[in-house]
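Step one of this worksheet: look at the structure below.
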């Protein structure tokens with residue numbers, strides 16, 4: 001099998017901080033919170049959590065109506081983030097529309113808002129005469145990947161991984177494997193999700209949503225903290241442009257980082273609660289895939305959603321494999337949990353950290369919980385050289401994923 005080195009040459013973001021990868025990192029490095037109180041959710045009976053990270057500064061009318069009419073909000077976010085990644089990667093029209101470019105873009109459950117609007121109308125009189133011809137294109141499982149491909153004229157492989165909170169990480173990992181094996185030269189990879197109260201409700205009924213900070217939203221979520229009380233749901237999209245090292249060099253593209261390892265595994269022990277042993281196994285396989293030892297890693301970007309069991313299990317796994325010497329932080333205190341987008345958005349932040357030699361601390365980590373002790377928590381911003389980063393993403397359904405990034409180093413020929 002042909003094995004190509006795989007690099008990242010473009011990034012695009014739509015996040016609770018606003019539009020743009022630079023806006024994302026400015027919010028994170030400034031210690032800001034993208035979480036807001038949502039007064040409209042207080043009218044929903046049975047819902048106890050009323051905070052979320054919503055998208056701002058995103059005008060869908062920028063997309064021509066010809067394409068926009070088949071898009072839900074998630075597809076609109078995906079198109080805008082993809083356009084930014086392509087622009088940063090300086091991809092020509094010819095390359096974008098050639099067979100060498102593919103996409104891997106997924107979401108958690110597609111567009112709940114579109115389905116709700118349809119069924120609210122349908123159940124009023126059980127009439128289908130008002131159903132629009134574009135409805136299915138907004139709710140099909142591969143809607144976001146298909147809409148990006150349609151609008152941007154992409155003719156390579158169209159993939160739509162669906163692994164809940166691991167989706168963005170899996171999409172990048174799939175793109176990495178596609179390029180490494182020579183199946184595609186370039187891949188646009190990431191995840192997108194649009195907000196709906198059902199996301200909050202899903203975690204609320206499992207007693208895993210934050211409910212004690214509705215009137216102080218900037219104080220939640222609280223990864224690893226003794227006062228953490230659960231997930232805060234957010235929306236957004238993260239897109240990364242991947243290509244072979246040979247392709248990037250031939251184009252003279254600016255190389256942001258290299259992907260050197262990926263692993264994804266199933267944890268059948270429990271459909272909802274993570275298992276430390278399974279997390280250890282996933283991280284270890286990722287390291288083995290890259291031919292690296294645990295001591296080589298400089299920083300771990302944790303999944304850490306601020307649930308009681310989830311944070312403790314991830315900390316236990318990190319403690320087992322890495323001890324207390326590798327720096328660890330979570331970015332969900334800033335962003336909330338952007339669901340399918342989280343893996344890709346947080347990978348972008350890791351790239352910024354590597355390139356700027358700056359570690360971003362876990363926001364709202366005031367007192368480390370007893371169950372999260374024994375690892376090296378990043379509690380304040382610090383200047384540090386970062387060469388190798390491990391990024392974790394875990395999902396309901398027992399889907400674990402880990403990716404390894406590094407600064408591009410000299411190969412055997414002495415090239416960079």
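The values are calculated or read from the model by the stated rules, or taken from the named source; none is laboratory data. Nothing here was measured: the structure is a model prediction, and the numbers come from that model. Cβ atoms come from the backbone with ideal geometry, glycine included; neighbour counts cover every protein chain shown.
Numbers at a glance
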quantity	calculated
Some residue of segment 298-308 being over 23 Å from residue 388 (Cβ atoms), part of a helix (DSSP H, G or I) and touching a strand residue (DSSP E or B) at 6+ places or on another chain (Cβ under 7 Å)	no
Of all residues making up segment 347-381, the number that are part of a helix (DSSP H, G or I) and buried (at least 16 other Cβ atoms within 10 Å of the Cβ)	9
Residue count for segment 257-291, restricted to those that are over 20 Å from the mean Cα position of the chain (by Cα) and closer than 18 Å to residue 178 by Cα	2
Unique match (being in contact with a helix residue (DSSP H, G or I) (Cβ under 8 Å, 6 or more places away or on another chain) and either at pLDDT below 95 or within 30 Å of residue 253 (Cα to Cα) (or both)) among 363, 390	390
Segment 49-70, residues that are out of contact with any strand residue (DSSP E or B) (no Cβ under 7 Å at 6 or more places or on another chain) and surrounded by fewer than 17 Cβ atoms within 10 Å (Cβ to Cβ)	59, 60, 61, 62, 64, 65, 66, 67, 69
Residue among 74, 10 that is modelled with pLDDT of 95 or more and in a strand (DSSP E or B)	10
Within segment 273-291, tally of residues that are part of a loop (DSSP other than H, G, I, E, B) and out of contact with any helix residue (DSSP H, G or I) (no Cβ under 9 Å at 6 or more places or on another chain)	1
Failed item in (1) under 24 Å from residue 403 (Cβ atoms); (2) at pLDDT below 95, with residue 131 passing the rest	(1)
Segment 42-60 - residue that is modelled with pLDDT of 95 or more and part of a helix (DSSP H, G or I) and, of those, farthest from residue 334 (Cα to Cα)	43
Number of positions in segment 133-160 that are more than 11 Å from residue 103 (Cβ to Cβ), under 22 Å from the mean Cα position of the chain (by Cα) and surrounded by fewer than 21 Cβ atoms within 10 Å (Cβ to Cβ)	3
Meets criteria (within 23 Å of residue 199 (Cα to Cα), touching a helix residue (DSSP H, G or I) at 6+ places or on another chain (Cβ under 9 Å), surrounded by fewer than 24 Cβ atoms within 10 Å (Cβ to Cβ) and not assigned by TED's automatic domain parsing to the domain that holds residue 12) for residue 340	no
